[in-house]
Every structure is written in structure tokens, then in C-alpha cells.
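Trainee: My structure is below; once you've seen it, I'll send some questions.
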Amino acid sequence: MQLEFFGAAGEVTGSCHIVRAAGRQVLLDCGMIQGGGDAPARNRLPFPFDAASIDAVVLSHAHVDHCGRLPLLVKRGFRGPIYTNTPCADLVPILLRDSASLALREVERANRDRAAHEAPAEPLYDLEDVDATLKQLVAIPYDTPRELFPGIKVRVRDAGHILGSSSVELSVAEGHADGAPSGATSRKLVFSGDLGQYDTPILQDPYRFESADLVLMESTYGNRRHREREDTERELGAILAQAARDGGNVIVPAFAIGRSQEFLYLLAQHYGEWHLARWKVFLDSPMAIAASHVYWKHPDRFDEEASRLRASFRGMPPLPNLVLSETPDDSRAINNVRGGAIIIAGSGMANGGRVLHHLKHNLARPECHVIIVGFQAPGTLGRQLVDRRPEVRIHGQRVPVAAQVHTLGGLSAHGDQEDLLRWYDSFAPRPPVYLVHGEIEAAEALAIKLRERGATATVSRPGLRIDLAGLPALARDSSLT
Ligand SMILES: [Zn+2]
């Protein structure tokens, strides 16, 4: 009975951990590494395990840093089921197909620029690999235990981060011939996945757990306090008012799944109050448009307010002046718009995608505004904007940054330090906690806070192994009954 950390240990992206128990190997997430010049090369490295020997994957949610390397896992021999919650199973195809197309475009660009003696590059994976991966997806309902193998059960709970985000409860039992719990050693592990803020728009709050023997917890904003939600919304209203006075455009790099829907939802909520009729709002992302339709299909996961809003609108996102830009021509047409446009486009960290064109056209103009609404990994263009670089490079071209850049941490899909501690505080007694999915400083800061509460907190590192049977048994329902 063992847990080993592979990815998102000491960094935010590339989530991947492995549980070995009852003669099986179950992977938690298989995400893409993002940001930093070496990310593409690191994604191509062999997995530190044999892909064909993995029996199953449990996927926490549909963000690329959690599911982006699943097709590579399949390409390298994994044939088992990929369990995830039902809305997530609807979102994964959108995300993985986009990821494969992106990989293909990158390789085409690299091959155009390569020297004559260099071998042509191959994409990380292609659409066929994605199709094969999708056939291995198994949707499971929230809050219902499911036996994966004798001795291994899983239950997914809402993590309140994006639609279809889960925290994963995993029960493992060993020591009996048929893996039955009686007479066996059993332990319960809770993997937080990515945790949302409390009282976030659209979604329900993260599930309140009661007990576990071991907690694996994200720490993205473990050293940060977001501003209060009302203050953040007031700030956004003020930025849009200033932008209207300045007469330029507003660019919002946003993840297609999650931030785009929430940002549009906020605009819908404040439509009258913020005088938004004077703007044209572009959702310039086929992926975000597709994800919005999936959001609207799952009102059972909404909070009360979103359920009410849904009852009065037919379409998602509910905004009268919204333009959905599906095709590249639709997107290019926005380049001629000099003012009065709020442009929401991916990628969320501005390290690729259509938002690059909009930034190229607007960054040098002081009357324009950029609103950063999500986490920006080191090495990405988004992070350079957050760090107030006076000049950036886009598509090899130097672009001075004269536009006003605003970072609205309060709109993040991730809870802050207070949210994370609140989530952990529901466990009694306090289980040992291993921190993942955070840069070292963030994880260390959260570890200090957790230790002040009497918890044993460790910042995980790749290759760290934990003997689960050696942990004290704390969970009351370790067999997920
Ligand atoms: Zn996420």
C-alpha cells in the first residue's frame, strides 16, 4: 500500500500521483506540464512508470494540467478505465481535442523552422490518440462509492473549482486474500484536486469532508489572500468604467473551461449596474463556447443563484450583447475593432491561442486594459504581464506594454490560504497532509499554517513514497460504505 508523487510536486502543473494497493496501480490525474521553456521537453520524457502496467486512472477535473497527458499515457500502452465525474466526462473531449490540435500546430511551426539536417518533430499525441482515450472514459456520479477493483474503492465529491471538478476519496484495503475489508488493513486517502473559493459564482462550495487517514492537498495560493469577493467585483466594475472612459478595448486571457463562464456570468449579473450595454463582449474561443454549453447542461451542480438565473435565460452565457466567435475569420475580424470590445480569449496563461493576436494588437495602446483573472505559471506571457514587464515578445515580435494590466486574484478558480485552511479544518481528527500543486514558497507557507493547527504537513517532491499501511488509522469510514 503505497502512494508516490510524480508531478505537480513543488510546482503547480503536471498533476500526477500513483497509488499502489491490492496488487493494482491507480493513477490520480495525468496532467500536462505548463510554463517554462523546458515544459514541452519535459512532457515528452518517459513516464517514471510503465504506462501499460497502470490499471486505472481517476481524474479530478478537466483542466489540461490534470488531464492533458492522458492521450500520451494511452499512446504509450495504458488500456484501463479512466474514471471521472459525469460533467467532467462531458468536458474532457473538448479539452483533449483542442490540446491535440495545438500540439499539431506547434509541431508544424517547429518543422517549418527546422534546419535541413534535423529530423522532423512529431506531435506529443494526435486526434486518434485522443479518440482512443475518450473510449476509456467512465463517468461516475458524484457522492456514490464505486469499486474499481477488489480492495479499491473511489468516491468523487464536488471541489467547487470548475464545473465537473472533484476531490477524490480513495479507499484501499489489503491483507486478505480476496481484498475484502474484514481482517484487512484499510486506509482512506483524500486527494483535494483543485479547490475552488467558497461562495464562488455558479458553483457549489467544496465538499466538507469529515475524516481521512491521509490528505493530498493543492496549495496554488497557499501563501496568498484574495480580496473579498464584493471588493473584487467592485474593482472589476471600476476597471470597466475606466476602460469605457479611455475608449480602448479590454482583453481577458481566460481558461476556456471555468474562468470564461464565470467572467461572463459576472457581466450578466452586473449588466445594468456597470452599464455594459455600451460594450460588445466577444467570447473568442470555440473551446470556451463548447464548454459553456456543457455548463448549461448541468444545472444540478449550480448554486441557488445560478439556478435562478438559468431559469430566466435560454442560453449560456446569459448576456444580451455577447458575440460568439467560432471561426478564425470571426476572430480576425475583432482585430479591426479599436474600442468598445471586451475580448475573452484563451489560452488562460496567454502562452498560446487566439488571445496572443488580441494582445499583439492592443498591448501597445495606453487606452486598452488587460484583466488577468487566473493563475499564471512562471515563464508564461501572462506571468510577464502580471510582473509588469515593460516589453514582451509575441510570435517573435517585440511589443511594448502600454496598456493597463490589472490582476484580479479574487476571480481565481482556486481558493486562497483561508479557503484551503477552511477546507482542511473539516477533518477530525487531523490527518497528515501532503501538499502538491503549488510553487515551493506557496506550499511552504501553507505548511506552516497547517502545522500551527497541529497537523503534520509535508511539501511533497517528485519520487517521494509514502507507506499507507504504516499510517495511523484515523478515518471512520475507511471502506467508503
Ligand atoms: Zn484546475
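The values are calculated or read from the model by the stated rules, or taken from the named source; none is laboratory data. All values reported here derive from a predicted model rather than from experimental measurement. For neighbour counting, all protein chains shown are included, and Cβ atoms are generated from backbone atoms with ideal geometry for every residue, glycine included. SASA here: full protein model, heavy atoms, side chains in, ligands and nucleic acids out. Shrake-Rupley method; radii C 1.70, N 1.55, O 1.52, S 1.80 Å.
Trainee: Considering every residue within the range 30-53, establish whether at least one is within 23 Å of PRO141 (Cα to Cα), more than 15 Å from the ligand (Cβ to nearest atom) and crowded, with 19+ Cβ neighbours inside 10 Å.
Mentor: From the range 30-53, those within 23 Å of PRO141 (Cα to Cα) are 30-31; that's our starting set.
Applying the additional criterion that residues be more than 15 Å from the ligand (Cβ to nearest atom) yields none.
No, because not a single residue in the range 30-53 is within 23 Å of PRO141 (Cα to Cα), more than 15 Å from the ligand (Cβ to nearest atom) and crowded, with 19+ Cβ neighbours inside 10 Å.
Trainee: Scan the range 146-165 residue by residue and report those that are open to solvent by less than 10 Å² (accessible area, probe 1.4 Å), within 15 Å of the ligand (Cβ to nearest atom) and assigned to a strand (DSSP E or B).
Mentor: VAL156
Trainee: Can I ask one more? For the range 1-56, enumerate the residues that are under 20 Å from VAL107 (Cβ atoms), part of a loop (DSSP other than H, G, I, E, B) and charged (D, E, K, R).
Mentor: Selection gives ASP38 alone.
Trainee: Could I ask something else about it? Under the condition of being outside any strand (DSSP E or B) and at pLDDT 95 or above, which residue from the range 166-196 is farthest from the ligand (Cβ to nearest atom)? Working first, answer last.
Mentor: Initially, the range 166-196 is screened for residues outside any strand (DSSP E or B), giving 175-184, 192-196.
Okay, now just the ones that are also at pLDDT 95 or above, so 192-196.
On the way: SER192: 11, GLY193: 8, ASP194: 4, LEU195: 9, GLY196: 9 Å.
This residue is SER192.
Trainee: I need every pair where a residue in the range 219-245 that is within 16 Å of ALA403 (Cα to Cα) has its Cβ under 7 Å from the Cβ of a residue that is open to solvent by 10 Å² or more (accessible area, probe 1.4 Å), sequence separation at least 6 or different chains.
Mentor: ILE239/HIS406; LEU240/TRP274; ALA244/ARG278
Trainee: Part of a loop (DSSP other than H, G, I, E, B) and basic (Lys, Arg): is that true of ARG208 in this structure? Show your work before the answer.
Mentor: Numbers: part of a loop (DSSP other than H, G, I, E, B): yes; basic (Lys, Arg): yes.
Taking the combined requirement at face value, the residue satisfies it.
Trainee: What about ASN223, is it farther than 16 Å from VAL323 by Cβ and more than 16 Å from the ligand (Cβ to nearest atom)?
Mentor: Details: farther than 16 Å from VAL323 by Cβ: yes; more than 16 Å from the ligand (Cβ to nearest atom): yes.
For ASN223, the condition - farther than 16 Å from VAL323 by Cβ and more than 16 Å from the ligand (Cβ to nearest atom) - is met.
Trainee: Shifting gears a bit: Quick one: which helices (runs of 4 or more DSSP H) sit completely within the range 374-459 and have at least 2 residues that are farther than 26 Å from ALA241 by Cβ, open to solvent by less than 10 Å² (accessible area, probe 1.4 Å) and small (Gly, Ala, Ser)?
Mentor: Working: elements: 381-386, 417-425, 440-452.
In the range 374-459, the matching helices (runs of 4 or more DSSP H) lie at 440-452.
Trainee: If a residue must be surrounded by fewer than 18 Cβ atoms within 10 Å (Cβ to Cβ) and within 19 Å of the chain's Cα centre (by Cα), how many such residues does the range 297-313 contain?
Mentor: Here the count works out to 1.
Trainee: Here's something else I'd like to know. Please enumerate the residues belonging to the range 10-22 that are among the aliphatic types (A, V, I, L, M) and either in contact with a His (Cβ under 6 Å, 6 or more places away or on another chain) or open to solvent by 10 Å² or more (accessible area, probe 1.4 Å) (or both).
Mentor: First, pick out the residues of the range 10-22 that are among the aliphatic types (A, V, I, L, M): 12, 18-19, 21-22.
If the condition is that a residue be among the aliphatic types (A, V, I, L, M) and either in contact with a His (Cβ under 6 Å, 6 or more places away or on another chain) or open to solvent by 10 Å² or more (accessible area, probe 1.4 Å) (or both), then VAL12, ALA22 are the ones that fit.
Trainee: Taking the range 76-95 as the search range and keeping residues that are among the small types (Gly, Ala, Ser) and either in a loop (DSSP other than H, G, I, E, B) or open to solvent by 30 Å² or more (accessible area, probe 1.4 Å) (or both), which one is nearest to the ligand (Cβ to nearest atom)?
Mentor: Within the range 76-95, the subset among the small types (Gly, Ala, Ser) is 77, 80, 89.
Now drop any that are not either in a loop (DSSP other than H, G, I, E, B) or open to solvent by 30 Å² or more (accessible area, probe 1.4 Å) (or both), which leaves 77, 80.
Numbers: GLY77: 27, GLY80: 23 Å.
Ranking the qualifying residues of the range 76-95, first place goes to GLY80.
Trainee: Looking at the range 245-261, which of the residues that are in a helix (DSSP H, G or I) and more than 13 Å from the ligand (Cβ to nearest atom) is surrounded by the fewest Cβ atoms within 10 Å (Cβ to Cβ)? Before the answer, list the steps.
Mentor: Initially, the range 245-261 is screened for residues in a helix (DSSP H, G or I), giving 245-246, 259-261.
Filter again for more than 13 Å from the ligand (Cβ to nearest atom), leaving 245-246, 260-261.
Values: ARG245: 9, ASP246: 17, SER260: 27, GLN261: 28.
That would be ARG245.
Trainee: Hey, can you tell me all the residues within the range 57-75 that are more than 11 Å from the ligand (Cβ to nearest atom), open to solvent by less than 20 Å² (accessible area, probe 1.4 Å) and either more than 20 Å from PRO87 (Cβ to Cβ) or assigned to a helix (DSSP H, G or I) (or both)?
Mentor: The answer is LEU70, PRO71, LEU72, LEU73, VAL74.
Trainee: Filter the range 314-347 down to the residues that are without any contact (Cβ under 8 Å) to a residue 24 or more places away in the chain and either open to solvent by less than 10 Å² (accessible area, probe 1.4 Å) or under 30 Å from TYR142 (Cα atoms) (or both) and list them by number.
Mentor: Selection gives ARG314, GLY315.
Trainee: Suppose we filter the range 373-402 for residues that are more than 16 Å from the ligand (Cβ to nearest atom), in contact (Cβ under 8 Å) with a residue 24 or more places away in the chain and within 20 Å of PHE263 (Cα to Cα); how many remain?
Mentor: The first filter runs over the range 373-402 and keeps only residues more than 16 Å from the ligand (Cβ to nearest atom), leaving 378-379, 381, 383-402.
Filter once more, keeping what is in contact (Cβ under 8 Å) with a residue 24 or more places away in the chain: 378-379, 381, 383, 385, 392, 394-395, 397, 399-402.
Keeping just the survivors that are within 20 Å of PHE263 (Cα to Cα) gives 383, 385.
Number of matching residues: 2.
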